[in-house]
1. Mind checking which residues of the range 1-21 are among the basic types (Lys, Arg) and farther than 20 Å from Lys53 by Cβ?
2. If you go through the range 43-80, how many residues are surrounded by 10 or more Cβ atoms within 10 Å (Cβ to Cβ) and either in contact with a Ser or Thr (Cβ under 9 Å, 6 or more places away or on another chain) or of a type in the set (A, V, I, L, M, F, W, C) (or both)?
3. Leu49 is checked against (1) out of contact with any Gly (no Cβ under 9 Å at 6 or more places or on another chain); (2) outside any helix (DSSP H, G or I) and fails just one. What number does that condition carry?
4. Of all residues in the range 10-19 being in contact with a helix residue (DSSP H, G or I) (Cβ under 7 Å, 6 or more places away or on another chain) and either assigned to a loop (DSSP other than H, G, I, E, B) or not β-branched (Val, Ile, Thr) (or both), which is surrounded by the fewest Cβ atoms within 10 Å (Cβ to Cβ)?
5. Kindly indicate whether any position in the range 22-36 is within 16 Å of the chain's Cα centre (by Cα), surrounded by fewer than 16 Cβ atoms within 10 Å (Cβ to Cβ) and closer than 23 Å to Gln54 by Cα.
6. State all residues of the range 20-34 that are of a type in the set (Lys, Arg), assigned to a helix (DSSP H, G or I) and under 19 Å from Leu3 (Cβ atoms); if no residue qualifies, say none.
7. So which residues in the range 27-80 are closer than 30 Å to Thr11 by Cβ and among the charged types (D, E, K, R)?
Amino acid sequence: MKLLTPKTRGTIVYGHNCRHSSHTIAKQLGCRKTTVNDILKRLCETHSLTPKKQTRHPPLLDSPAQQKLKSFIKENNENR
């Protein structure tokens, strides 16, 4: 999903305030109806239009484990 600009999010709210349907707003902006509904839901719940912060998955290996893996791979490549 691409991130919407603040202007687009504001346009969604403006369209909603003008009593346009989610379908009509989505069609005019070229996005999905669920996107419009998600923006309006977020506004209702948080009173903010800023998107949620993207969460990153923690790395599978911490730094020491990555170093061990690198040295293991180097050793095995030399033994071939």
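Throughout, read-outs are computed from the coordinates displayed, never taken from laboratory work. In this text the structure is predicted, and so the values were computed from the model without any measurement. When we count neighbours, we look across all protein chains shown, and the Cβ atoms used for this are built from the backbone with ideal geometry, even at glycine.
1. Step one: filter the range 1-21 for residues among the basic types (Lys, Arg), giving 2, 7, 9, 19.
Result: Lys7, Arg19.
2. 7
3. (1)
4. The first filter runs over the range 10-19 and keeps only residues in contact with a helix residue (DSSP H, G or I) (Cβ under 7 Å, 6 or more places away or on another chain), leaving 11-13, 15-16.
Filter once more, so that each one left must be either assigned to a loop (DSSP other than H, G, I, E, B) or not β-branched (Val, Ile, Thr) (or both): 15-16.
On the way: Gly15: 19, His16: 17.
Looking at residues that are in contact with a helix residue (DSSP H, G or I) (Cβ under 7 Å, 6 or more places away or on another chain) and either assigned to a loop (DSSP other than H, G, I, E, B) or not β-branched (Val, Ile, Thr) (or both), I get His16.
5. If we filter the range 22-36 for residues that are within 16 Å of the chain's Cα centre (by Cα), which is where we start, we get 31-32, 34-36.
After this cut, where a residue has to be surrounded by fewer than 16 Cβ atoms within 10 Å (Cβ to Cβ) as well, the list is 32, 34.
Pick out the ones that are also closer than 23 Å to Gln54 by Cα and you get 32, 34.
Yes, the range 22-36 has at least one match.
6. Step one: of the range 20-34, the residues of a type in the set (Lys, Arg) are 27, 32-33.
Imposing the further condition that a residue be assigned to a helix (DSSP H, G or I) reduces the set to 27, 33.
Passing the criteria: only Lys33.
7. Initially, the range 27-80 is screened for residues closer than 30 Å to Thr11 by Cβ, giving 27-56.
The answer is Lys27, Arg32, Lys33, Asp38, Lys41, Arg42, Glu45, Lys52, Lys53, Arg56.
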